[in-house]
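Bear in mind that the values in this text are calculations on the coordinates, not laboratory data. A quick note: this is a predicted structure, and the numbers were derived from the prediction, not measured. Positions of Cβ are generated from backbone atoms using ideal geometry, with glycine treated the same way; all protein chains shown enter the neighbour counts.
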Amino acid sequence: MSTKWRMNWSADFGGATFEQDADMRRLTTIGVGGPADVLARPADAGSLAGLLKRASEFEIPVRIIGGGSNLLVADDGVRGLVIALDSEPFQRMEFSGTKVFAGAGARLQALASKCAARGLSGMEGLAGIPGTVGGALRGNAGGNYGVIGNAARSVLCMDRGGEILVLKAKECGFGYRSSSLRNFVILGAEFELSPADQEDITLRTRAVLQEKMKSQPLNERSAGCFFKNPPDKAAGWMIERMGFKGRRVGGAMVSQLHANFILNVGGAACGDIVMLAREIRKRAKIEFGADLELEVETWGIPEEAWAWR
Ligand SMILES: Cc1cc2nc3c(=O)[nH]c(=O)nc-3n(C[C@H](O)[C@H](O)[C@H](O)COP(=O)(O)OP(=O)(O)OC[C@H]3O[C@@H](n4cnc5c(N)ncnc54)[C@H](O)[C@@H]3O)c2cc1C
């Protein structure tokens, strides 16, 4: 490990806490990956700005982690600083009429339940999606029943120099599992919801959740859908047709319930998952002419690892 990553991080960062060689297996839902050099938990936005400025001054790579539910981390871990926005100020939710501001560190499901309890509709389609508001905005999380970008009015961000800015939703480039927020730290967002009967919201939420429970392995260790759907066919359908359901490499296995989920069924290494995913991409190209793009975010895995030619 380079000594510059080992600098005295505890000095003068307004109450931030630090952990060296943080185990990424416990910070991600799929539970694989080597350690992060330094995991930092800033106490508030001022403390975060101090960290970002110091990292930028010393050219230390910075990554932000939310709930780790869309992340695959290399077995060698990640160099530099991983920042978690899980202290209280980053989790605040403030309601005002039909609007709510939610901090990036707030759990998406906590936000959805609070909205439902206040008779505010607009989050029901996100039922069952783990992780935080920040991670959901970054990847425009959602599915057939709606995406988070539809409810967002504006997003509060910090740039890598510690400056705060507000982007209108139309400036965030929300697309299919994507946004243009890649270069920012998302601090939170304001959402506009519609008043509705509380019971109706609860019923709709339950219906979405039941549908997902039937078709997705929500209680197993995964990073959600592994590949994006190509324009003409669902990735899961293709993977199932190619006979991959139940296929294993080490502790990694293609889900029997939904073929676009790769599971850690016990002691998987990131390398097992990559090997299985590479084989799927290869077969999809040969059998369907499809180039399967990753939906999961990857940290520390070189591009060549996915190449199968
Ligand atoms: C069982 C299961 C079901 C799922 N179902 C769905 C689904 O139906 N639809 C769907 O879209 N996704 C789904 N996912 C994937 C995942 O839950 C979502 O993508 C979620 O929104 C990721 O949020 P997170 O906080 O866990 O992000 P993380 O996994 O922590 O991070 C994802 C990316 O966002 C970045 N990021 C996180 N927080 C911030 C921030 N504050 N500022 C800047 N960048 C940030 C990270 O750097 C990383 O690049 C599912 C996952 C699982 C495990």
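Taking first residues from the stretch 55-67 that are touching a residue at least 40 places away in the same chain (Cβ under 8 Å) and closer than 11 Å to Val185 by Cα and partners that are assigned to a helix (DSSP H, G or I) and more than 9 Å from the ligand (Cβ to nearest atom), the Cβ contacts under 7 Å between residues at least 6 apart in sequence or on separate chains come to Val62/Leu52; Val62/Ala55.
The set of residues in the stretch 121-163 being over 23 Å from Glu94 (Cβ atoms) and in contact with a Phe, Trp or Tyr (Cβ under 7 Å, 6 or more places away or on another chain) consists of Asp159 alone. In the condition set (1) buried (at least 17 other Cβ atoms within 10 Å of the Cβ); (2) closer than 21 Å to Arg26 by Cα; (3) out of contact with any Ser or Thr (no Cβ under 8 Å at 6 or more places or on another chain), Thr205 is compliant with all but (2).
Do we have any residue at all in the stretch 66-76 that's in a helix (DSSP H, G or I) and within 11 Å of the ligand (Cβ to nearest atom)? No: the stretch 66-76 contains no residue that is in a helix (DSSP H, G or I) and within 11 Å of the ligand (Cβ to nearest atom). The condition (being under 21 Å from the mean Cα position of the chain (by Cα) and crowded, with 21+ Cβ neighbours inside 10 Å) is satisfied by just one residue among Asn229, Asn260: Asn260. Could you look through the stretch 276-307, keep only residues that are surrounded by fewer than 13 Cβ atoms within 10 Å (Cβ to Cβ) and not acidic (Asp, Glu), and pick out the one that is nearest to Asp75 (Cα to Cα)? Filtering first and then ranking leaves Pro302. Scanning the stretch 68-102 for residues that are within 20 Å of Ala136 (Cα to Cα), in contact with an Asp or Glu (Cβ under 9 Å, 6 or more places away or on another chain) and buried (at least 20 other Cβ atoms within 10 Å of the Cβ) turns up Asn70, Leu71, Leu72, Val82, Phe90, Val100, Ala102. Checked against (1) among the charged types (D, E, K, R); (2) within 15 Å of the ligand (Cβ to nearest atom); (3) crowded, with 18+ Cβ neighbours inside 10 Å, Asp37 meets all criteria but (2).
Considering only residues in the stretch 92-117 that are part of a loop (DSSP other than H, G, I, E, B) and within 12 Å of the ligand (Cβ to nearest atom), the one that is nearest to Pro195 (Cα to Cα) turns out to be Ala106.
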